[in-house]
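K.L.:
Take a look at the following structure, please.
Just so it is clear, none of the values below were taken in a lab; they were calculated from the coordinates. Predicted model, so just to flag it, every value in this text is computed and none were measured. Backbone-built Cβ (ideal geometry, glycine too); neighbour counts: all protein chains shown.
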Amino acid sequence: MINFEYARASDVADAVRQIAGDPGAKFIAGGTNLIDLMKEDVERPSRLIDISRLPLNKVEETADGGVRIGALVPNSDLAYHPLIEQRYPMLGSAILAGASQQLRNMASTGGNLLQRTRCYYFYDTATPCNKREPGSGCSAINGLNRMHAILGTSEACIATHPSDMCVALAALDAKVQVIGPAGERTISFADFHRLPWDTPQRDTNLEPNELITAVELPAQGFRTNYTYLKIRDRLSYAFALVSVAAALELEGARIKEARVALGGVAHKPWRDALAEGALRGQEANPANFRRAAHMLLRDAKGFAHNTFKIDLARRAIVRALTQAARGTPQSQSNKKIR
Amino acid sequence: MARARTVARPTIPAPEKTSIVLVVNGAERPLKVAPWTTLLDALRDYLDLTGTKKGCDHGQCGACTVLVDGRRINSCLTLAVTKDGAHVTTIEGLAKDGTLHPLQQAFIDHDAFQCGYCTPGQICSAVGLIAEGKAKTVDEIRELMSGNICRCGAYPNIVAAIEQAMGQS
């Protein structure tokens, strides 16, 4: 780890002021990803601004029937919060599918959104990586790319976003509230993370001088027909090869509303308006689920070691939609997939 | 292949060490730490509490697990300076008046280790697990202990030890 300075932010305004005054500075909350990246010499901040004591740690109901999650609510507290367990169980399930309880106790809501890819080459400073060192090249495209993306890739980067929580937040149409020198603004979840294009060094549309203050959930939580299905190389404590957050609103056997978000397959949680639209008004049956899966993956492109993900994702989508329709969400402790 | 990182970066001089106080196993411990000193290094190197182990040093193995304000965390990914004023419990703080903590006794009863390197982290993690109260079944114990790796593979006995201690709590 390189030498750096440390300062504590006294309030939100002070945090924004401090980051504006030092372009090399970074915020630290849980630090679970940032400290690791600093040990690997991938992140090299000149100063850490400690926001962990700011009063952004509440989960509260909003006037429009939704829930507002403070940016500093730890992942574990969020997963087990009564409002989340009762009204947004898909979010709780996705959180518990990721990391370990120790890490979830440390990691913050805002930090989870900002965690960086676990692409091996991004972590290995001896190899070229456009995300770490723009213009140096992508080692993964012709390298070991078993974990990498199959959707929305570019010639510059085929990294995936590692979060489970974000896949559920994407499916739930969450919004991200941020504050910067110009004041507050709200970013829809779909617009928060970016595709790599030719600027893979930018994971999100958050400006470097902005601070996430909260994540807001709309009223519709899909508490009855949902699942979070995560497929990985070992049963626990591993990043997704493919994950699916699936949520349905049913009227009898018919689908009134459908959400499908994929993790482990792209630079951001992957949603497809066309595929979700095609499910609306249809009967919740395997044929329609297969059709939706096919649409979601119509532009999927594999690389040397990850072509298997296309078939895996197709089956996982069908299985997840089946679990959601039946109202039998995937257990995150008994890993048998039914 | 192109060589990565060709630009030298300016070195930031070491800042003054910061004075902090940690309440470790019930005792106030004033410390002077650099910003980059992890809680793990502070415990081991400055306070001579070497029961907490450094395994991977990247939050992947759980050997460094301690309780901060009652919650289990990875001390290797925690900067000591950010925990100024916090209550820290390590493996050295679990036994009371010469009597082992029920989890320590259960690990002995069930032979829940071989080399023992992961054991302090396993036990501190299990203390956190029981305090959380979320694990009711063996599957849930396994899942919620997944952040603690045992390369000797003592998992079945670790789970049995935790079950025993849960039954007593």
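K.L.:
Which far-off residues, 5 or more places away or on another chain, put their amide H under 5 Å from the one on residue A:129, with H placed in the peptide plane?
P.N.:
For residue A:129, the qualifying residues are A:136, A:137.
K.L.:
Report the one residue of B:33, B:64, B:159 whose Cα lies farthest in the direction of the positive end of the charge dipole of chain B (charges on C-beta: Lys and Arg +1, Asp and Glu -1; origin at the Cα centre).
P.N.:
Of the candidates, B:33 comes out farthest on the positive side.
K.L.:
Which one of A:105, A:82, A:189 has its Cα pushed farthest toward the positive end of the charge dipole of the protein assembly as shown, where Lys and Arg give +1 and Asp and Glu give -1 at the Cβ?
P.N.:
Among A:105, A:82, A:189, the one farthest towards the positive end of the dipole of the protein assembly as shown is A:189.
K.L.:
GNM, chain A, Cα, under 10 Å: largest mean-square fluctuation among A:144, A:172, A:113?
P.N.:
A:144
K.L.:
Related question: Would you list which lysines come within 16 Å of residue A:131, measuring only between C-alpha atoms, while excluding same-chain residues fewer than 8 positions from it?
P.N.:
Within reach: A:268.
K.L.:
Moving on to the next point. For chain B, take the longest principal axis of its alpha carbons; what is the angle in degrees between that and the long axis of helix B:155-168, to the nearest 10 within 0 to 90?
P.N.:
Between the helix axis and the principal axis of chain B, the angle is about 70 degrees.
K.L.:
Turning to a different aspect of this structure: Nearest 20 debye, what's the magnitude of the dipole of chain A about its Cα centre given +1 on Lys and Arg Cβ and -1 on Asp and Glu Cβ? Could you put the intermediate results ahead of the total?
P.N.:
On the way: 42 positive and 35 negative charges, 276 e Å.
Dipole magnitude for chain A comes out near 1320 debye.
K.L.:
Can you name the helices of chain A, as whole DSSP H runs, whose Cα span along the helix axis is 20 Å or more and whose Kyte-Doolittle mean is not below 1.6?
P.N.:
Answer set is empty.
K.L.:
So which of A:230/B:83; B:96/B:136; A:336/B:54 end up more than 30 Å apart, counting from Cα to Cα?
P.N.:
As for pairs spanning more than 30 Å Cα to Cα, those are A:230/B:83; A:336/B:54.
K.L.:
Right, next: Expressed as a whole number of Å, what is the distance separating the alpha-carbon centroids of region A:259-338 and region B:26-59?
P.N.:
Cα centroid to Cα centroid, the span is 45 Å.
K.L.:
Sticking with this structure for a sec: Helix B:119-132: angle to the longest alpha-carbon principal axis of chain B, degrees 0 to 90, nearest 10?
P.N.:
In chain B, helix B:119-132 runs at an angle near 70 degrees to the longest axis.
K.L.:
Mind checking which aspartates and glutamates have their Cα closer than 16 Å to the Cα of residue A:309? Skip sequence neighbours fewer than 8 apart in that chain.
P.N.:
A:233, A:299
K.L.:
Grab the other residues whose beta carbon is less than 13 angstrom from that of residue A:295, score K and R as +1, D and E as -1, and report the net.
P.N.:
Once positives and negatives cancel, what remains is +3.
K.L.:
To make sure I understand, if each residue's beta carbon is the centre and we count other beta carbons within 10 Å, what order do B:132, A:60 fall in, fewest to most?
P.N.:
A:60, B:132
K.L.:
Comparing A:276, A:251, A:133, which has the greatest mean-square fluctuation in the GNM of chain A with Cα pairs linked when under 10 Å apart?
P.N.:
A:251
K.L.:
Sort A:61, A:249 by Cβ crowding within 10 Å, fewest neighbours at the top. Before the final figure, lay out the partial values.
P.N.:
Values: A:61 13, A:249 16.
Ascending Cβ contact count within 10 Å gives the list A:61, A:249.
K.L.:
Which aspartates and glutamates, if any, have their Cα less than 12 Å from the Cα of residue A:39, not counting same-chain residues under 8 positions apart?
P.N.:
Leaving aside aspartates and glutamates fewer than 8 places away in the same chain, those within reach of residue A:39 are A:124, B:57.
K.L.:
Same structure, new question: Write out the trypsin sites (Lys or Arg not before Pro) in region A:201-231 meeting two conditions: DSSP loop, and at most 16 other Cβ atoms within 10 Å of their Cβ.
P.N.:
On the way: sites: A:202, A:223, A:230; in loops: A:202, A:223.
Here the sparse-neighbourhood loop sites are A:202, A:223.
K.L.:
While we're here: In region A:22-67, which trypsin sites (Lys or Arg not before Pro) fall in coil by DSSP and have 12 or fewer other Cβ atoms within 10 Å?
P.N.:
The qualifying sites are A:58.
K.L.:
May I pose another question? Place a point 7 Å from the Cα of residue B:45 along the Cα-to-Cβ direction; which residues of region A:93-120 have their backbone N under 18 Å from it?
P.N.:
The answer is none.
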